[in-house]
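The values are calculated or read from the model by the stated rules, or taken from the named source; none is laboratory data. The structure presented is a predicted model; accordingly, all values stated were derived computationally and were not measured. Neighbour counts are summed over all protein chains in view; Cβ atoms, including those assigned to glycine, are modelled from backbone coordinates with ideal geometry.
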Amino acid sequence: MIPATLRVTLIVAVVCYFAIILYFLKKKALNLKYTLLWLVAGLIMGILVIVPELLTRIIHIFGIQDNMNGLFIIAIGFIIMILLSLTSIASRQNRKIRTLTQEVAILDKRVRELEKKDIE
């Protein structure tokens, strides 16, 4: 069982987490579609802080004996999920940048060819 002071501290931390995410969204430091991933992670953290017995049940379903080991496994799973999502976003952006660079190079070549024809 989580002591009351720790539970209150964790609830305050989750509220601060949401405030920071919403602040970044308001300042347009994060796009909405990427913010949803962080909001879902915060929602799950909040649920586990408010109902810690749920974490214990989930851990025992997977056959993990120690609560801390289960918590670390779940945390590592979330981190891997977020990293995979961010890697996929970076890869998509890389493809878009490459395509745009190629299109700009083609347009630049056409402009130079047209300027060359106008000079002649």
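Please go through the range 1-14 and pick out each residue that is of a type outside the set (D, E, K, R) and surrounded by fewer than 16 Cβ atoms within 10 Å (Cβ to Cβ).
Keep residues of the range 1-14 that are of a type outside the set (D, E, K, R), which gives 1-6, 8-14.
Hits for the range 1-14 are M1, I2, P3, A4, T5, L6, V8, T9, I11, V12, A13.
Taking Y17 as the residue in question, decide whether it is part of a helix (DSSP H, G or I), among the aromatic types (F, W, Y) and either loosely packed, with under 15 Cβ neighbours inside 10 Å or at pLDDT below 90 (or both).
Details: part of a helix (DSSP H, G or I): yes; among the aromatic types (F, W, Y): yes; either loosely packed, with under 15 Cβ neighbours inside 10 Å or at pLDDT below 90 (or both): no.
It is false that Y17 is part of a helix (DSSP H, G or I), among the aromatic types (F, W, Y) and either loosely packed, with under 15 Cβ neighbours inside 10 Å or at pLDDT below 90 (or both).
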Exercise for the section: Could you grab the pairs with beta carbons closer than 7 Å, sequence gap of 6+ or different chains, first residue in the range 7-31 and more than 21 Å from I47 (Cβ to Cβ), second one modelled with pLDDT under 90 and outside any helix (DSSP H, G or I)? Expected result: F24/L30
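Being out of contact with any strand residue (DSSP E or B) (no Cβ under 6 Å at 6 or more places or on another chain), in a helix (DSSP H, G or I) and either more than 30 Å from I2 (Cβ to Cβ) or without any contact (Cβ under 8 Å) to a residue 40 or more places away in the chain (or both): is that true of L37 here?
Numbers: out of contact with any strand residue (DSSP E or B) (no Cβ under 6 Å at 6 or more places or on another chain): yes; in a helix (DSSP H, G or I): yes; either more than 30 Å from I2 (Cβ to Cβ) or without any contact (Cβ under 8 Å) to a residue 40 or more places away in the chain (or both): no.
Criteria not met by L37.
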Exercise for the section: Could you grab me the full set of residues in the range 25-51 that are within 17 Å of the chain's Cα centre (by Cα), over 14 Å from I82 (Cβ atoms) and surrounded by 15 or more Cβ atoms within 10 Å (Cβ to Cβ)? Expected result: L25, G46
Fill in the blank from the handout: Of those in the range 56-77 that are more than 25 Å from the chain's Cα centre (by Cα) and among the aliphatic types (A, V, I, L, M), the residue nearest to I44 (Cα to Cα) is I61
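Please state which one of I76, I58, I44 is part of a helix (DSSP H, G or I) and more than 20 Å from I2 (Cα to Cα). Write out each step before concluding.
On the way: I58 fails: more than 20 Å from I2 (Cα to Cα); I44 fails: more than 20 Å from I2 (Cα to Cα).
Result of the check over I76, I58, I44: I76.
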